[in-house]
1. For the range 98-138, name all the residues that are out of contact with any helix residue (DSSP H, G or I) (no Cβ under 8 Å at 6 or more places or on another chain), in a strand (DSSP E or B) and not small (Gly, Ala, Ser).
2. Could you run through the range 199-223 and say how many residues are in contact with a Lys or Arg (Cβ under 9 Å, 6 or more places away or on another chain) and farther than 17 Å from Ala83 by Cα?
3. Might you let me know whether the range 159-168 holds any residue that is small (Gly, Ala, Ser) and free of Cβ contacts under 8 Å to residues at least 60 places away in the same chain?
4. For the range 186-204, which residues satisfy the criterion of being of a type in the set (S, T, N, Q) and within 19 Å of Leu215 (Cβ to Cβ)?
5. Assess whether Leu215 counts as being in a strand (DSSP E or B) and in contact (Cβ under 8 Å) with a residue 40 or more places away in the chain.
6. Just name the residue that is farthest from the chain's Cα centre (by Cα) out of those in the range 98-128 that are modelled with pLDDT of 95 or more and more than 19 Å from Leu240 (Cα to Cα).
7. Among Ala192, Ala155, Ala187, Ala175, which is surrounded by 19 or more Cβ atoms within 10 Å (Cβ to Cβ) and touching a strand residue (DSSP E or B) at 6+ places or on another chain (Cβ under 9 Å)?
8. From the set of residues in the range 81-102 that are more than 16 Å from Ala208 (Cβ to Cβ) and without any contact (Cβ under 8 Å) to a residue 12 or more places away in the chain, which is surrounded by the most Cβ atoms within 10 Å (Cβ to Cβ)?
Amino acid sequence: MNIEELSKSQLILLTILVNFVTSVATGILTVSLLDHAPAFVTQTVNRVVEHTIETVAAAPTSIIQSPAPSNQDLVTAAIGAGATRAVAIYAATTGTSSPAITVGTYLPKSRAVATAALDALPKEALIEFSNGSYIPASLAHEGGGITIYGFSDTAALPKVSVPILIPSGELRLGATALAITADGSAATGIVARISSKGIFTTLPDIGAGSAAVDLSGNLIGIGAGGIAGFLISTDRITALLTATSTTATSTSTAK
């Protein structure tokens with residue numbers, strides 16, 4: 001048969017057959033040569049083969065993925081992230097000579113501090129950060145039970161992890177809620193109920209202005225104070241941060 005008359009399939013099969021016969025012949029020839037080769041040559045070939053097999057066998061171990069973090073690891077990391085953003089708020093007139101008026105949570109992306117609104121909050125404050133630094137701040141917005149303090153454009157603020165403000169509509173019943181209370185204790189709970197008034201959790205009274213976070217360390221609410229487990233939702237914080245003025249915010253809240 002003329003090879004030019006073969007079809008493509010037949011040519012592929014012929015190529016495979018030739019390769020197979022060549023491989024068999026090469027193997028037989030190699031074994032035959034090794035039988036007549038000096039001992040040191042045979043030992044060298046065997047070492048190369050053994051080393052190649054060990055390398056191939058060990059290769060899959062390098063792509064084994066590390067185990068996923070446990071729930072305890074997530075809780076610890078989230079509480080740690082929340083702790084780095086916790087701040088104490090002092091009156092600028094008295095400074096640290098008198099006790100802190102309240103606590104709050106630092107929002108690095110917005111260069112602001114959010115806390116629960118209290119009658120005693122001053123317009124000019126001194127903010128104590130977790131790294132021990134003290135930076136002046138001024139009242140920027142207030143409304144809906146939230147007070148926002150802002151910093152000057154030239155203030156050198158600490159670098160901490162940036163939290164996402166989780167809208168109440170994205171929270172799910174039973175989701176984990178973590179917090180650092182006003183006295184510095186860690187507290188854990190779950191989201192029990194979500195309403196237009198705020199977020200109800202199984203957390204204790206974490207104190208006015210203390211932040212509650214999820215397992216990723218993102219902000220889910222601010223402690224209102226006085227009611228165990230009740231949080232002011234981040235929706236109100238977001239509304240204040242995007243407001244153009246306190247007056248406009250107060251007007252929209254009244255409506």
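The values are calculated or read from the model by the stated rules, or taken from the named source; none is laboratory data. A quick note: this is a predicted structure, and the numbers were derived from the prediction, not measured. Cβ placement follows ideal geometry from the backbone for every residue including glycine, while neighbour counts extend to all protein chains displayed.
1. Within the range 98-138, Thr102, Val103, Val113, Thr115, Glu124, Ile127, Ile135, Pro136 meet the criteria.
2. Residues meeting the conditions: 3.
3. Just the residues of the range 159-168 that are small (Gly, Ala, Ser), to begin with: 161, 168.
Cutting the leftovers down to free of Cβ contacts under 8 Å to residues at least 60 places away in the same chain gives us none.
No, the range 159-168 contains no residue that is small (Gly, Ala, Ser) and free of Cβ contacts under 8 Å to residues at least 60 places away in the same chain.
4. In the first step, residues of the range 186-204 are kept if they are of a type in the set (S, T, N, Q); the result is 188, 195-196, 201-202.
Residues satisfying the conditions are Thr188, Thr201, Thr202.
5. For Leu215, the condition - in a strand (DSSP E or B) and in contact (Cβ under 8 Å) with a residue 40 or more places away in the chain - is not met.
6. Checking each candidate, the answer is Leu126.
7. The conditions single out Ala187.
8. Thr94
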